[in-house]
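Single-structure report; data block below.
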Amino acid sequence: GDLGLLLCDVDCFKQFNDRFGHQAGDECLRLVARCLASTLDRGGDLVARYGGEEFVVILPDTTLGGSIFVAERLRQAIAAMQIPHPDSPVGVVTISIGVTSSPALRDSLYQQLIRDADEALYRAKKSGRNRVVHQPQPAHT
């Protein structure tokens, strides 16, 4: 089946760290990780820390549509925690998510999935943060 990949990034995280300090920043990331993990309710789904304030979510047997649906649920769950973030446009901690999905999994494709999700995440950030952007996959022949 398809494999969905989400790249989640905490919005304005540097400002959060600058204002509240690194311990608060780490605690914030722990809360985000816990929220992501508990919002994912299917056995095979996996969330892992990926770089500084990024998390990667892997969704086995999930189409692009299904992956976008899950991403939207995750985005809402993080905002609903209402972690105060005065330097964020909405006043609370939010995440941006880049989404992609692909039919089969080979090693080369995994790299491509990460690149596509990263590109989608970049567009989510650029278009205003706190949103889900997906990267349509070209048809694999």
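Values as computed for the structure displayed
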{"read-out": "Given (1) in contact (Cβ under 8 Å) with a residue 60 or more places away in the chain; (2) within 16 Å of Gln135 (Cβ to Cβ), index of the condition Thr94 fails", "value": "(2)"}
{"read-out": "Tally of residues being aromatic (Phe, Trp, Tyr) and in contact with a Leu (Cβ under 8 Å, 6 or more places away or on another chain) across segment 14-58", "value": "2"}
{"read-out": "Residue in segment 34-43 that is over 16 Å from the mean Cα position of the chain (by Cα) and of a type in the set (Val, Ile, Thr) present", "value": "no"}
{"read-out": "Cβ pairs under 8 Å, 6+ apart, first in segment 60-78 and over 13 Å from Leu36 (Cβ atoms), second open to solvent by 50 Å² or more (accessible area, probe 1.4 Å) and not in a loop (DSSP other than H, G, I, E, B)", "value": "Leu64/His134; Ser67/His134; Ile68/His134"}
{"read-out": "Count of residues meeting criterion [within 13 Å of Ser101 (Cα to Cα), of a type in the set (Asp, Glu) and touching a helix residue (DSSP H, G or I) at 6+ places or on another chain (Cβ under 9 Å)] in segment 41-77", "value": "0"}
{"read-out": "Residues that are among the hydroxyl-bearing types (Ser, Thr, Tyr), part of a helix (DSSP H, G or I) and within 22 Å of Phe13 (Cα to Cα), drawn from segment 108-134", "value": "Tyr122"}
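The values are calculated or read from the model by the stated rules, or taken from the named source; none is laboratory data. If you're wondering where the values come from, they're calculated on a predicted model, not measured in any experiment. Positions of Cβ are generated from backbone atoms using ideal geometry, with glycine treated the same way; all protein chains shown enter the neighbour counts. Only protein heavy atoms, including side chains, enter the accessible area calculation; ligands, DNA and RNA are left aside. Shrake-Rupley method; radii C 1.70, N 1.55, O 1.52, S 1.80 Å.
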